[in-house]
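Before any comments, here is the structure.
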Amino acid sequence: DRLTALGAEPVRAQLERFAAIRNREELAFEAGRLTSLMAGGPFGNSIVVDATDSSRLIVEIPQGGTMLPNRDYYLNTDAASVELRQKYEAYLVRLFSLAGRADAAAAGHSVFEFEIALAKMQLPPSESRIAGRSAPRRTLRELATVMPGFDWAAWAKPLGFDRVSNIVLLQPSFFQQFAALVANTPVDTLKNWLAARHL
């Protein structure tokens, strides 16, 4: 009864933060902030011993951005997978509806389609492990050059990663495509994507 009475009020302030995002720089900062709070950020992170220098620690970031357990849930074509995706999209719409969004159907659909695009970019497990073993170390400045479209500096700041010398994106091909996708996706869709992860 208490939860029903509260409704979306406990997350209202965060939803207002999402709604106030004006551009991709603010979007990237908010994505990093959510990760720093362990509150629905799109990518995980690990601080590990650098394999090339055991006296140093290094930041590793795995591919992600989707909420279902793995890419197969988005890409398999069997009847059970198709039905699951239909239910997942309905779930997203329900989340936005419960949050009081008048455009719940459109918002849920935009998140669903964005996650489908991300899943298509994700490497399957065997390729992912191979890519991770040879992933290059990059500075934030290098990331901005080789993976333009996502504001890596804004994302790194709330995580404290602006103070590290290098970051390893474990699946470089995914992150390069992700950055390009962000650059060509409406900011409102990206805001919905972050909101869905938090709801």
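Brief remarks on what is shown
- Listed conditions (1) of a type in the set (A, V, I, L, M, F, W, C); (2) buried (at least 21 other Cβ atoms within 10 Å of the Cβ); (3) without any contact (Cβ under 8 Å) to a residue 40 or more places away in the chain are all met by residue 196, apart from (3).
- Selection within the range 76-116 - among the polar types (S, T, N, Q) and touching a residue at least 40 places away in the same chain (Cβ under 8 Å): 110
- Remark: pairs (first residue in the range 1-14, over 19 Å from residue 194 (Cα atoms); second residue open to solvent by 70 Å² or more (accessible area, probe 1.4 Å) and assigned to a helix (DSSP H, G or I); Cβ separation under 8 Å; 6+ apart in sequence or on different chains) = 7/98.
- Top-ranked residue in the range 135-151 [being open to solvent by 30 Å² or more (accessible area, probe 1.4 Å) and part of a helix (DSSP H, G or I); ranked as farthest from residue 75 (Cα to Cα)]: 141
- Yes/no for residue 123 being within 16 Å of residue 62 (Cα to Cα), open to solvent by 20 Å² or more (accessible area, probe 1.4 Å) and at pLDDT 95 or above: yes
- Helices (runs of 4 or more DSSP H) enclosed by the range 24-134 - at least 1 residues per element that are within 19 Å of residue 11 (Cβ to Cβ) and not β-branched (Val, Ile, Thr): 24-36, 79-98, 104-121
- Filtered by the rule that a residue be open to solvent by 50 Å² or more (accessible area, probe 1.4 Å) and more than 17 Å from the chain's Cα centre (by Cα), the range 41-53 gives 47, 49, 51, 52, 53.
- One residue alone among 24, 56, 12, 2 is open to solvent by 60 Å² or more (accessible area, probe 1.4 Å) and under 19 Å from residue 158 (Cβ atoms), and that residue is 24.
- Selection within the range 66-77 - exposed (fewer than 12 other Cβ atoms within 10 Å of the Cβ) and under 22 Å from residue 195 (Cβ atoms): 69
- Residue 168 being open to solvent by less than 30 Å² (accessible area, probe 1.4 Å), in contact with a strand residue (DSSP E or B) (Cβ under 9 Å, 6 or more places away or on another chain) and hydrophobic (A, V, I, L, M, F, W, C): yes
- Evaluation of residue 185 against the conditions (1) in a loop (DSSP other than H, G, I, E, B); (2) without any contact (Cβ under 8 Å) to a residue 40 or more places away in the chain; (3) under 30 Å from residue 108 (Cβ atoms) shows that the sole unmet condition is (2).
- Just one of the listed residues (80, 131) is among the hydrophobic types (A, V, I, L, M, F, W, C) and open to solvent by 50 Å² or more (accessible area, probe 1.4 Å), namely 80.
The values are calculated or read from the model by the stated rules, or taken from the named source; none is laboratory data. All values derive from a computational prediction rather than experimental measurement. FYI the Cβ positions are ideal-geometry reconstructions off the backbone, even for glycines, and counts take in every protein chain you see. Calculation scope for accessible area: heavy atoms of the full protein, side chains included, ligands and nucleic acids excluded. Shrake-Rupley method; radii C 1.70, N 1.55, O 1.52, S 1.80 Å.
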